[in-house]
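Since the structure comes first, as structure tokens, the remarks are kept for the end.
The values are calculated or read from the model by the stated rules, or taken from the named source; none is laboratory data. The structure presented is a predicted model; accordingly, all values stated were derived computationally and were not measured. Don't worry about glycine lacking a Cβ; one is built from the backbone with ideal geometry, like all the others, and counts go over all protein chains shown. Accessible surface is based on the protein model in full, side chains and every heavy atom, while ligands, DNA and RNA are left aside. Shrake-Rupley method; radii C 1.70, N 1.55, O 1.52, S 1.80 Å.
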Amino acid sequence: MDPTTDNAGSSDRARSSLEALRTEISKAVVGQDPAVTGLVVALLCRGHVLLEGVPGVAKTLLVRALAASLELDTKRVQFTPDLMPSDVTGSLVYDARSTEFSFQPGPVFTNLLLADEINRTPPKTQSSLLEAMEERQVTVDGTPRLLPDPFLVAATQNPVEYEGTYPLPEAQLDRFLLKLTVPLPAREDEIAVLQRHAEGFNPRDLRAAGVRPVATAADLEAARSAVAKTAVSPEIAAYVVDVCRATRESPSLTLGVSPRGATALLSTARAWAWLTGRDYVIPDDVKALALPTLRHRVQLRPEAEMEGVTADSVITAILNHVPVPR
């Protein structure tokens with residue numbers, strides 16, 4: 001068999017399994033297709049996701065549905081003001097029988113960690129995830145311990161103006177590949193949600209709702225290999241750099257996108273190109289992922305914020321201004 005043909009078949013099978021993943025999640029969550037797509041892109045890029053929205057828009061349900069659609073281990077942590085770092089990472093526990101300390105792994109030792117309402121816990125506990133998200137390991141008592149692969153943090157947060165929230169520091173925000181906004185549903189979608197509940201849908205029992213595992217870790221690894229082969233021309237790489245450099249020169253921003261952000265934008269654009277059936281990146285792929293990839297990596301000037309300027313509006317203006325390669 002021709003290796004090229006075999007690789008193409010493997011790529012197509014992986015793409016089909018991830019398309020099925022998006023379909024499966026929609027059995028539980030109505031009308032949040034951009035957020036579902038963002039979670040799939042993050043899986044392909046080995047990245048982490050921050051989901052922001054007001055309470056009650058199915059942020060937690062979205063992540064639980066993703067976990068139920070994958071044959072992966074998942075754990076959930078409800079972040080509260082009294083949560084300690086060791087409650088997330090694990091700690092040394094004294095065993096009276098052996099008279100020795102043994103390591104008790106925390107919930108971070110999983111494939112998919114749902115960090116619920118991450119901005120309701122103080123910065124000290126928020127920072128306990130930094131090493132795990134960046135290095136894929138946890139160091140306790142000087143000993144590094146590797147996390148499973150794949151490993152994805154899907155964190156939810158309420159808008160920062162809500163009472164009892166602690167804004168995430170810039171260093172941690174930069175560790176998230178994507179920031180996805182989960183808006184209130186459209187009227188038709190909200191009616192569909194109520195109809196599902198009237199017909200007996202129980203958000204706590206996704207199996208009864210028909211959500212089944214449709215993709216495995218092997219499917220995910222095959223998809224990641226295919227994404228890594230998606231071609232990026234020098235012109236596209238330069239376009240990504242120009243967009244990110246323009247944020248550093250914007251008069252509305254005090255903080256622009258770092259080189260890590262530029263790398264993230266290139267990665268998400270490649271994943272989106274592959275998901276849409278292409279083996280090369282075009283400018284529209286960069287534009288499609290620019291907002292969720294960059295919106296949390298910039299910081300508005302106070303005076304711009306008072307005038308109603310948002311990170312999304314600044315990035316959109318930059319995309320309209322930076323010349324697109326032909």
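Quick notes
- Burial ranking of peptide ranges 133-143, 119-129 (average Cβ count within 10 Å, highest at the top): 119-129, 133-143
- Percent antiparallel among DSSP beta bridges (both partners in the chain, rounded to 5): 40 percent
- For the stretch 76-90, the Karplus equation 6.51 cos²θ - 1.76 cosθ + 1.60, evaluated at θ = phi - 60°, returns couplings of 10, 10, 8, 7, 10, x, 9, 6, 9, x, 5, 5, 9, 8, x Hz by residue, with Gly and Pro reported as x.
- Between Leu180 and Leu50, Leu51, Glu52, the built amide H atoms are under 5 Å apart, and every one of these is 5 or more places off in sequence or on another chain.
- Electrostatic dipole magnitude of the chain [Cβ: Lys, Arg +1; Asp, Glu -1; Cα centre; debye, to 20]: 280 debye
- When each of the peptides 314-320, 168-174, 112-118, 49-55 is scored by the mean number of other C-beta atoms lying within 10 Å of its residues, the order from highest to lowest reads 112-118, 49-55, 314-320, 168-174.
- Among beta bridges identified by DSSP and lying wholly in the stretch 1-147, the antiparallel ones come to about 65 percent.
- Straight-distance crosslink candidates among lysines, where the alpha carbon sits under 21 Å from Lys179 and sequence neighbours closer than 8 are dropped: Lys59, Lys75, Lys287
- Net charge of Cβ neighbours under 14 Å - reference Ala264; Lys, Arg +1; Asp, Glu -1: +4
- Rounded to whole numbers, the Karplus 3J(HN,Hα) couplings from phi for the stretch 295-301 are 4, 8, 9, 10, 10, 6, 5 Hz, using 6.51 cos²θ - 1.76 cosθ + 1.60 with θ = phi - 60°, and x at Gly and Pro.
- Farthest toward the positive end of the dipole of the chain, out of Pro213, Thr121, Leu265, is the Cα of Pro213, where the dipole comes from beta carbon charges about the Cα centre.
- Taking θ as phi - 60° and the Karplus parameters 6.51, -1.76 and 1.60, the scalar couplings of the stretch 113-130 work out to 9, 8, 9, 7, 6, 4, 8, 9, 10, x, x, 4, 6, 4, 5, 5, 8, 4 Hz in sequence order, x denoting glycine and proline.
- The chain - convex hull of the alpha-carbon atoms, volume per residue in Å³: 179 Å³
- Span from the the stretch 155-227 Cα centroid across to the the stretch 26-46 one, whole angstrom: 7 Å
- Surface analysis of the chain yields an accessible area of 49 Å² per residue, using protein heavy atoms and a 1.4 Å probe.
- Just the protein heavy atoms count here, and of the accessible area of the chain at 1.4 Å, carbon and sulfur take up 53 percent.
- Sorted peptide list for 93-105, 200-212, criterion being average Cβ within 10 angstrom, highest first: 200-212, 93-105
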